[in-house]
Amino acid sequence: MIRPRLPKVASGTRLTTNLVNGMINRTEYAADLLRQYKLIAGTEMYVEPHYDGTRVSYYYPVGGGAKTTSSIPPQISPYIPFTISWATFGNSCIQNPWTITNSGTSLKMDIADSANCGGSCGIRQTADAIATIVTGTDDVDMNLSFGGIVELQTLGYDRIRFSINGGTYTNIFVAEAASPGGGLQCIPGNATTTYLLPPPYRLIKNTGYSFGITFDTIDELYHVGCFYTISLSFTKV
């Protein structure tokens with residue numbers, strides 16, 4: 001049964017017991033509806049029974065994982081049709097400036113704080129990462145999103161660049177980011193990002209690719225709480 005809508009309560013209306021109880025009943029009714037229509041995810045996805053006892057189902061493969069009876073829908077993994085293998089390098093006051101998560105699709109590169117801004121790092125910092133990708137039986141489109149916090153002292157410093165090699169790409173630089181400048185010394189801010197070749201990037205099936213990332217602070221100065229984040233995502237063509 002669908003309960004009738006409550007009338008709107010005007011400003012200054014006295015909240016009677018009946019009015020408050022009506023609000024509580026409808027809140028409980030809505031919560032119970034959500035429980036009845038809970039989503040179950042596993043090798044198939046379906047909606048559980050309606051109030052009248054009928055079942056409305058649809059099936060959609062979500063890739064991996066056994067069916068669960070939990071009322072809380074699990075997170076659905078992103079579409080990653082192949083293994084991504086990373087090799088990382090760095091010349092930094094941080095032992096390993098790279099953090100790689102989400103099956104190789106999310107990266108963070110940390111920049112140590114400079115000695116002239118209260119930190120302990122007195123060197124120029126560089127970092128490189130190279131992903132090896134061998135596509136499977138499908139063409140896929142790769143998307144790239146990135147951004148960072150960098151020094152706001154000198155234009156073009158704290159530069160990061162992205163390149164693709166393989167298939168129709170021959171060591172092509174596709175995107176970059178760097179400081180917008182401003183002469184603000186130890187005050188950090190957002191990097192200026194540029195897509196030299198806008199995504200998506202078509203990766204042909206049964207082909208090997210390398211995706212490269214290079215970073216350089218260019219000098220040892222004016223870094224406070226700086227970093228870059230990079231995210232890759234894939235769509236079947």
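Values quoted throughout were computed directly from the atomic coordinates according to the rules given, and no laboratory measurement underlies them. This is a predicted model, so every value here is computed, not measured. Cβ placement follows ideal geometry from the backbone for every residue including glycine, while neighbour counts extend to all protein chains displayed.
Kindly state, to the nearest 0.05, the FRET efficiency for THR126 paired with ASN102, given R0 = 22 Å and r defined as their beta-carbon distance.
Between THR126 and ASN102 the formula returns 0.35.
Order of SER11, SER231 from fewest to most other C-beta atoms within 10 Å?
Least to most surrounded, the residues fall as SER11, SER231.
Report the Cα-based extents of the range 84-236 along its three principal axes, largest first, to the nearest Å.
Computed over the Cα atoms, the extents are 52, 28, 23 Å.
Can you tell me the relative contact order of the range 84-236? Whole percent, Cα pairs under 8 Å, sequence separation 6 or more. Don't jump to the answer; show the numbers that get you there.
Details: 438 pairs, mean separation 53.0, N = 153.
Normalised by residue count, the contact order of the range 84-236 is 35 percent.
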